[in-house]
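In what follows, a structure is listed as structure tokens, so that the remarks can point back to it.
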Protein chains: 4
Amino acid sequence: MSELGIGLIGSGFMGASHAFALAAVGQVFNLPRRPRLEILADATEDLASQAARRFGFARATADWQTLIADPAVDVVHITAPNRFHVPMAKAAIAAGKAVHCEKPLAASLAEAMDLADLAEAAGTTTIVGFNYLKNPIQMLARDLIAAGEIGDIVSFRGIHAEDYMRDPDAPWSWRLDPAGGGATMDLGSHIVSLARFLIGDIARVSAHATTVFPTRPGPDGKSREITVDDQCHALLEFADGASGAIQANWLAAGQTMQLAYEIIGTKGSIGFTQARFNELRLYRDGPDQKTSGFRTITAGPAHEPYAAFCPAPGHQLGFNDLKTIEMRDFLTAVAAGDTAFPDFREAARIEAVVDAILTAAEERRWVKVLG
Amino acid sequence: MSELGIGLIGSGFMGASHAFALAAVGQVFNLPRRPRLEILADATEDLASQAARRFGFARATADWQTLIADPAVDVVHITAPNRFHVPMAKAAIAAGKAVHCEKPLAASLAEAMDLADLAEAAGTTTIVGFNYLKNPIQMLARDLIAAGEIGDIVSFRGIHAEDYMRDPDAPWSWRLDPAGGGATMDLGSHIVSLARFLIGDIARVSAHATTVFPTRPGPDGKSREITVDDQCHALLEFADGASGAIQANWLAAGQTMQLAYEIIGTKGSIGFTQARFNELRLYRDGPDQKTSGFRTITAGPAHEPYAAFCPAPGHQLGFNDLKTIEMRDFLTAVAAGDTAFPDFREAARIEAVVDAILTAAEERRWVKVLG
Amino acid sequence: MSELGIGLIGSGFMGASHAFALAAVGQVFNLPRRPRLEILADATEDLASQAARRFGFARATADWQTLIADPAVDVVHITAPNRFHVPMAKAAIAAGKAVHCEKPLAASLAEAMDLADLAEAAGTTTIVGFNYLKNPIQMLARDLIAAGEIGDIVSFRGIHAEDYMRDPDAPWSWRLDPAGGGATMDLGSHIVSLARFLIGDIARVSAHATTVFPTRPGPDGKSREITVDDQCHALLEFADGASGAIQANWLAAGQTMQLAYEIIGTKGSIGFTQARFNELRLYRDGPDQKTSGFRTITAGPAHEPYAAFCPAPGHQLGFNDLKTIEMRDFLTAVAAGDTAFPDFREAARIEAVVDAILTAAEERRWVKVLG
Amino acid sequence: MSELGIGLIGSGFMGASHAFALAAVGQVFNLPRRPRLEILADATEDLASQAARRFGFARATADWQTLIADPAVDVVHITAPNRFHVPMAKAAIAAGKAVHCEKPLAASLAEAMDLADLAEAAGTTTIVGFNYLKNPIQMLARDLIAAGEIGDIVSFRGIHAEDYMRDPDAPWSWRLDPAGGGATMDLGSHIVSLARFLIGDIARVSAHATTVFPTRPGPDGKSREITVDDQCHALLEFADGASGAIQANWLAAGQTMQLAYEIIGTKGSIGFTQARFNELRLYRDGPDQKTSGFRTITAGPAHEPYAAFCPAPGHQLGFNDLKTIEMRDFLTAVAAGDTAFPDFREAARIEAVVDAILTAAEERRWVKVLG
């Protein structure tokens, strides 16, 4: 069994999350090819060396191009700031490396589609870090829907609300940059990814977005005009005719992880929130009205791949475990030369929905989703 | 202290609810003028007599015009089928009687506005049965918002979903009639009434509505085409700039009373569901991050007029108690010759929002709310 | 159809609750004999007159013996302070009147048993105000258990915790009186009544009780020694071998109505809390592990007699509605000359459990329950 | 910085959990001495080799004594079946190795105390795997209590209920062995550990335990008499006078992780369940009755050491993360030559409470807790 040489770019929030997952994935899962932590790249040699030591990478570099070019590197993990995603991914594809890129794939839809085209043309295995899709409970939801357990889908109502941008005086962040920022791009993309995963293609959208704090202190401390949205409500018309609405909001006081949805079908309903992501609420028509009601299902060994983490039900997976499952899916696909999910194409399609929402909000009209 | 002579038209779900409230209101509250149950009108003499006996009315009639004309009747309660609301309300206003009308006030916005004009011109005390507004916990929510406790309002996200129309083979009902029916009219009006009560005027809307079961068995058993919406998602732009979205759905499997909202402000958040209507969830910024979180407030004597029903907190009001509070507000206003809330004007404004939503869905564009 | 002449003693919290229920019961239910509000007695003529006027009683008196003796009175409702329960109930039984008495029936077990004997000997219809037993959801729980839906009962875990006595400086109250007071007597009796209603006879108990505030300001403002328990944990051995534990606590900061239980059977489980008393949580073994979980059942027309209050599910009953159901049960039994539930005998048996708990706590040993 | 040589005995549920934690701990935390995975021992060479390969240990053995004796091993992790805990721990202490042992430490209290004495005499750093104590939310609860935020403790009400033993026909398991088994030993010890951690020493207990299935199929398939308890309710008298009750139950249909408690103090209350272990419910007296209520606190960077796993609040830790924190605490103490928590002494004290509970149940009397 040969190993897969790993190159990790970045060691911040998401870089650490990749490192944790790379350390765990071989312990938890029986992989065809285990990861070998080859090179870690960061902005400076110092940063890179420290992170490499902490996370157990053999080498460190301040030059990400070196990392991509290195023959010992089979797989490139991109967790650098958003503006680097496109050039890094392009270089990795060109170098014949599998690519694991954090979201958003690109600041513009055109670039995202372009990357998807390049990856497909090169036969590159790619994945984008929509790790909430990797929750075993999410698989259960999708399986129930696909099996018709709740009938035809009538409505999808989703939200991703957190409060990390609610302080109007907080220091400037890349999230406020017009190229790639905004609540819809940052959070809305997650609920869009779930809508697509569970229900399917979205055909048209209408939206209302607002910038609640039109100025914030810029990186230089001076007041700076903000053009990205702080929150957005959007209507979704699915390709199969189902109706939906989603909200993205990063000012939602008191919410730290309200990535939630309620799905109504002609024979039942499903509810979920990431704030309690080991649980799914399910209602199905039953014979006895006296005892009918929503049931709360708790993740356990019946829900693949929970059992790999723990043989006992109800013990609960954590955020980093979802990343470990994502890593399992990705590295397994890489070893087999298969496509992974969600790949660059899927990420571009998610971005197409986000793009349509922002256009719809800007132009106050229904907008067709491209792609 | 003189009494108020009551005429009640109808004795179905809502007629009984009025009767319960009329029996309770004088026990629970210290009214300036207590109700005297004078005449009950229903479709036939038999129905009317039986109901009058059960509910303690002195007389019964099959002719609602007689009831309205009767000099012993000071107040007319209209709980007849929707299509009678306009003629009955008109007659009552013309006869100088105070009017308590169930929703919807009228099948068309024009008629609703007309009734509001007539009532105002006549100086008639009116109220429309949006009894969920009468919840002490709802008053608390409004007071908190009005006092700025959660800052400026950023977003209102609401829903009213139930499942009483989900059987596609169920017998025909007035709710399916184009004149006055549909999920948005029947349920959406409640969440609109709350949005207006808590946040304020709605300026513009966009919407997506679907008729999931395009035919149903008609009153004659033959298949009949359905034109009203089974469910609808709408975007709301409030006059003060806040953003919102609501859903109305009467096919929502497993939901019996999901009249719910989440409000986000710049300094806090509020959450509520009628399914647990003695509770309010409140988040406010606090000094200590370690112990911050949403709190669940339970209705008690601190929330007027809970104490009139029970001196001990947490014992819980029921659905009929909300109607009793509505009755208190109405009869108190009648005794004082004041306006009540929500009066015909407010009901017409709620209907204007519903009307705009249906137009927006039909024409797939943003629509300005009239009035 | 003749009426039943009602005499009500007391017009405080519970007196008002009886009055509300007496006004509602004939509206909501189709009674064989409707109540006629004859006389209201209170401590003074003034109090009695005011309450009689408010609640619609024809006459008022400061002499409860007059009320009991009055030939127009068929039914006596005792809501006076605890120490009057025994003499009033005795007099009413002797006068051949049906008796509705608030809990506790008597300050001592001997007196309670004696009253039960007297009532049985006289063939008197009696009921004691354990109104939480009248919840339709409680009937559902009992029916499910009786039908073996959750198998043989393994364990009952209950609590009744509120916080109304938690201020150590609050003014003296009858609840602190050794004759009839204490958390176990006041609150524990409710959870004992549910344990008996749902599971059956309790054979033996062990307990630990504490008086957290050993002195409190007496009626004269001077510090007074407190001998009743502020809180108590007890073990229950049921006659059929099931095991249980309950807690009574009136210092439970933040709890206003935590009357709750969890029942475990060999084939399923049931959970309930009075804080959300229109809901029952039920788990039953199912074929599919993937979708098994506790379901939340919401009260609706399937649960008798919910439909009498409202034809639509999920609209929720309130505290006073439970009293109305209690009144229905009682007046129906009176009209038929039947026994009602829970009658004086059942109340005495509940008191026997409370008595055994207090003895067990005092003597630090297992105690057999009498009766 | 030197490393710590790790010897792991066992590779089942708990062995894997240790292996996951050993792989993660150095990535997540900045340890003084990182673990080096030296030897893994299991029942056979094959099992040991496979597990060593999977978990990244350098060597494998079927002889645990060899592992303990190996000079490259500084730390011994004991996850073998319960009956091996004592001899393995003794050998490790004698060999001068730090010891991480899974619970229960020993089948008898005397042996547990003996091990604690030995470890203390040898100055050995020890820890026992009560990993639920390592939850950042649990630290918060303890800190709040210790700081007097909820006043003096009035009551502790706890439970640990799961349903893994509820099938009466399930194959024999070590849990049913009289030496070390039973619901109180297996589950009750967890809730006892929390009671001690949060409140303090337990002085006396009373209990009621039952064996619901008195026979089960033995390892040979023949019916075998069961002597351990399936469930147990116990009363606790804390040394400081607080009152408590706990339940242990492994037949609790539908419960997979109900390790829960409610603590009442004179100034507030705290509630927790391991089924949602990233949340704590807190009630504290506030100035405004209108908005008082239990708040739900969600784990985040404010709660050490959550931030080491994720810089964003609300993203949630999982079961294996708690083990990683336990590993951090242990390896840090080993590196410093300090005691860890909970060490053998604490585990023995927990076992003393369990022992007293079983005696109290057996002899139907209050029993003083030893030690």
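The values are calculated or read from the model by the stated rules, or taken from the named source; none is laboratory data. Just so you know, these numbers come straight off a predicted model, no measurement behind them. Cβ atoms come from the backbone with ideal geometry, glycine included; neighbour counts cover every protein chain shown. What goes into the accessible areas is simple: the full protein's heavy atoms, side chains included, and nothing from ligands, DNA or RNA. Shrake-Rupley method; radii C 1.70, N 1.55, O 1.52, S 1.80 Å.
Taking the rotation axis that maps chain A onto chain C, which residue of A brings its Cβ closest to that axis, and at what distance in whole Å?
Nearest Cβ to that rotation axis, in whole Å: A:295, 2.
Across peptide C:271-278, how many C-beta atoms of other chains are within 10 Å of each residue C-beta, on average?
The shielding value for this peptide is 4.
Excluding residue D:262 itself, calculate the net charge of residues whose Cβ lies under 10 Å from the Cβ of residue D:262, where each Lys or Arg counts +1 and each Asp or Glu counts -1.
Spelling it out: positives minus negatives among the neighbours equals +2.
Enter the mean number of other protein chain beta carbons within 10 Å of the beta carbon of each residue in A:239-247, as an integer.
Mean number of neighbouring Cβ atoms from other chains: 5.
What does the structure give for A:120-128 when I average, per residue, the other chain Cβ atoms found within 10 Å of the residue Cβ? Don't jump to the answer; show the numbers that get you there.
Details: counts 0, 0, 0, 0, 0, 0, 0, 0, 0.
Taking the mean over all residues of the peptide, I get 0.
Please report Rg (one decimal) and Dmax (integer) in Å for the Cα set of the protein assembly as shown.
Just the Cα atoms of the protein assembly as shown yield Rg and Dmax of 34.1, 106 Å.
Nearest 5 is fine: what % of DSSP beta bridges in the protein assembly as shown come out antiparallel, could you say?
60 percent
In whole Hz, with x marking every Gly and Pro, tabulate ³J(HN,Hα) for region D:71-84 from phi via Karplus 6.51 cos²θ - 1.76 cosθ + 1.60, θ = phi - 60°.
x, 7, 8, 9, 9, 10, 9, 9, 10, 6, x, 3, 5, 8
For region B:302-371, take N as its residue count and report Rg(C-alpha) divided by 2.2 N^0.38 Å. All intermediate terms of the calculation are to be shown ahead of the outcome.
Details: Rg = 18.0 Å, N = 70, 2.2 N^0.38 = 11.1 Å.
Compared with the compact-globule rule of thumb, region B:302-371 sits at 1.63.
Would you mind telling me the share, in percent, of accessible area of region C:250-331 contributed by carbon and sulfur at probe 1.4 angstrom? Before the final figure, lay out each step's value.
Numbers: 1030 of 2140 Å².
The nonpolar share, carbon plus sulfur, comes to 48 percent.
Would you calculate, for chain C, the mean residue ellipticity at 222 nm contributed by helices, counting each DSSP H stretch of 4 or more residues as -39,500 (n - 2.57) and dividing by all residues, to the nearest 500?
For chain C, the value works out to -10000 deg cm²/dmol.
Which of the three applies to region C:127-207, rounded, prolate or oblate, going by the alpha-carbon gyration tensor with a ≥ b ≥ c and a/c under 1.5 meaning rounded?
Prolate is the answer for region C:127-207, as a/c is 1.5 or above and a/b outweighs b/c.
Label-to-label distances across copies for residue B:58, with labels 7 Å out along Cα→Cβ, in nm, shortest first?
1.8, 10.0, 10.2
Taking 25 Å as R0, compute the FRET efficiency from the Cβ-Cβ separation of residue B:267 and residue D:290 and round it to 0.05.
Between residue B:267 and residue D:290 the formula returns 0.90.
Find how many whole Å separate the alpha carbon centroid of region C:1-77 from the alpha carbon centroid of region D:296-371.
59 Å
Using the 7 Å Cα-to-Cβ label point, sort the distances from residue D:311 to its equivalents in the other copies shortest first and give them in nm to one decimal.
Label-point distances to the other copies, shortest first: 3.9, 5.7, 6.0 nm.
Would you mind getting the Kirkwood hydrodynamic radius of region C:1-154 from its Cα pairs, rounded to one decimal in Å? Don't skip to the answer; put the middle values down first.
Values: mean 1/r = 0.0604 Å⁻¹.
Mean inverse Cα-Cα distance, inverted, gives 16.6 Å.
Kirkwood Rh over alpha-carbon pairs of chain C, then Stokes-Einstein at 10 °C and 1.306 mPa s: what D in µm² s⁻¹, rounded to an integer?
For these conditions, the coefficient is 74 µm²/s.
Return the Rg/Rh ratio of region B:1-92 with Cα-based radii and a Kirkwood Rh.
That ratio equals 0.95.
Using the Cβ atoms and a cut-off under 10 Å, what net charge is assigned to the surroundings of residue A:155, where Lys and Arg are +1 and Asp and Glu are -1?
Residues near residue A:155 contribute -1 overall.
Going 7 Å from Cα along the Cα-Cβ axis for the label, what nanometre distances separate residue D:239 from the same residue across the other copies?
From this label point to the equivalent ones elsewhere in the assembly: 4.4, 6.7, 6.8 nm.
Tell me which lysines have Cα within less than 25 Å of residue A:222's Cα, excluding those fewer than 8 residues away on the same chain?
Here the lysines satisfying the reach criterion relative to residue A:222 are B:267.
For region C:188-277, what Kirkwood radius comes out of the mean inverse Cα-Cα distance, in Å?
One over the average 1/r among Cα pairs gives 15.1 Å for region C:188-277.
Straight distance only, please: which aspartates and glutamates reach the Cα of residue B:368 with their own Cα at less than 12 Å, same-chain residues fewer than 8 apart left out?
B:201, B:237, B:355
Please compute the contact order of chain B in relative form: average sequence separation of alpha-carbon pairs under 8 Å and at least six residues apart, divided by the residue count, as a percent. Numbers along the way, then the final one.
Working: 813 pairs, mean separation 73.8, N = 371.
Taking the mean separation of contacting Cα pairs over the length of chain B, I get 20 percent.
Between residue A:121 and residue B:152, how many nm apart are label points set 7 Å from Cα along the C-beta direction?
For residue A:121 paired with residue B:152, the spin-label model returns 4.8 nm.
Please work out, to two decimal places, the log10 of the ratio I(q)/I(0) at q = 0.20 Å⁻¹ from a Debye calculation in which every Cα of region A:226-371 carries one identical scatterer.
For the requested q values the scattering log ratios are -1.35.
Given a 1.4 Å probe and no ligands, DNA or RNA in the count, how much accessible surface is buried by C and D, both sides, to the nearest 100 Å²?
3400 Å²
Rg/Rh for region D:111-170 to two decimals, with Rh computed the Kirkwood way over all alpha-carbon pairs.
Expressed as Rg/Rh, it is 1.13.
Whole angstrom only: what separates the Cα centroid of region A:82-157 from the Cα centroid of region C:168-241?
About 61 Å separates the Cα centre of region A:82-157 from the one of region C:168-241.
For each pair in C:103/C:323; C:134/C:323; A:134/A:323; B:103/B:134; A:103/D:323, compute the distance between the two Cα atoms and list the pairs where it is over 18 Å.
The pairs that break the limit, which is 18 Å between Cα atoms, are A:103/D:323.
Once you list every other residue whose beta carbon is under 14 Å from the beta carbon of residue A:227, what net charge do they have if Lys and Arg are +1 and Asp and Glu are -1?
Working: positive: A:175, A:216, A:224; negative: A:177, A:225, A:229, A:230, A:362.
Net local charge, residue A:227 excluded: -2.
Could you tell me the largest-minus-smallest coordinate of the C-alpha atoms of region D:277-326 on each of the three principal axes, in descending order and whole angstroms?
Computed over the Cα atoms, the extents are 41, 18, 14 Å.
Suppose we keep just the DSSP beta bridges with both residues in chain D; what percent of those would be antiparallel, to 5?
Expressed as a percentage, antiparallel bridges in chain D total about 60.
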